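Step one of this worksheet: look at the structure below.
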Amino acid sequence: MDETSRTRILDAIKRLPKGVRSHIETVRGKSAQLASRFGLDEAKADLAALAHDVCRTVSGPDLLAMARGFGMPVTGIDHAVPVFLHGPVGAEVLKRDYGLDDEEVLSAIRCHTMGKPGMSGLDKTLFLADKLDPSKTGRYPFIREVDRLAGDDLDQAMLCFIDHQVRSFIQEGSLVHPAMIAARNDAVLSLKREA
Ligand SMILES: [Fe+2]
Ligand SMILES: [Fe+2]
């Protein structure tokens, strides 16, 4: 990715509403901490955090139309909760229109909301940094526990977050995205291997 691409991404971020911009700055800070703690590529972690919500304010119908236009698989869950698509659609827009060509960064952006099977350290860093924004405490009252665990082990933190989140989805009668279950199973398997 060249400097022009970065400048264009920065310009796109500047056009987002203040609330999203401030969330992005918080995610960049948390992402930097986690990347440094776990020896990950800090420049990639920062770029992923910077660009992850580029499509966060796109409407549900537009996200669905864009996903279809890109030839991406669109499931019944996406129709019911189109906001889940802002990661995958955002990654595709960044690749096609902004010249972001780093597959590791694109992967983290794609799966930052729901996770996916086989997540890399960078994927987990962005997923957790996105959730650990203190302004989301109302939505995720368990984030302090997740934050504490994230200082030691990304898989423990992933498992803690997903378990709380899935429990609350079930209590609310909400859908649970299969990618989140796949991410949970991976975290369980990787923790078993470590034990
Ligand atoms: Fe997001
Ligand atoms: Fe976000």
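The values are calculated or read from the model by the stated rules, or taken from the named source; none is laboratory data. Since we're looking at a predicted model, the values are computed, not measured. Please note: Cβ atoms are built from the backbone with ideal geometry, for glycine as well, and neighbour counts cover all protein chains shown. Only protein heavy atoms, including side chains, enter the accessible area calculation; ligands, DNA and RNA are left aside. Shrake-Rupley method; radii C 1.70, N 1.55, O 1.52, S 1.80 Å.
So, with a 1.4 angstrom probe, what is the percent of accessible area on the chain that is carbon and sulfur?
It is 53 percent, rounded to a whole number.
Using the alpha-carbon centroid of each, what span in Å lies between segment 121-195 and segment 57-91?
22 Å
Using a Förster radius of 30 Å, what is the FRET efficiency between Ile181 and Glu3 based on their Cβ-Cβ separation? Nearest 0.05, please.
0.15
With contacts defined as alpha carbon pairs under 8 Å and 6 or more residues apart, what's the relative contact order of the chain in percent?
Rounded, it is 21 percent for the chain.
Radius of gyration and Dmax for the chain's Cα atoms, expressed in Å?
Considering the chain through its Cα atoms, Rg and Dmax are 16.0, 47 Å.
List the pair-distance distribution P(r) of segment 53-148, using every Cα-Cα distance, as the percent of pairs falling in each 10 Å bin from 0 up to the bin containing the longest distance, rounded to whole percents.
16, 44, 33, 7, 0
Place a +1 charge on the Cβ of each Lys and Arg in the chain and a -1 charge on the Cβ of each Asp and Glu, then give the dipole magnitude about the Cα centre in debye, rounded to the nearest 20.
Using Cβ point charges on Lys, Arg, Asp and Glu, the chain gives about 500 debye.
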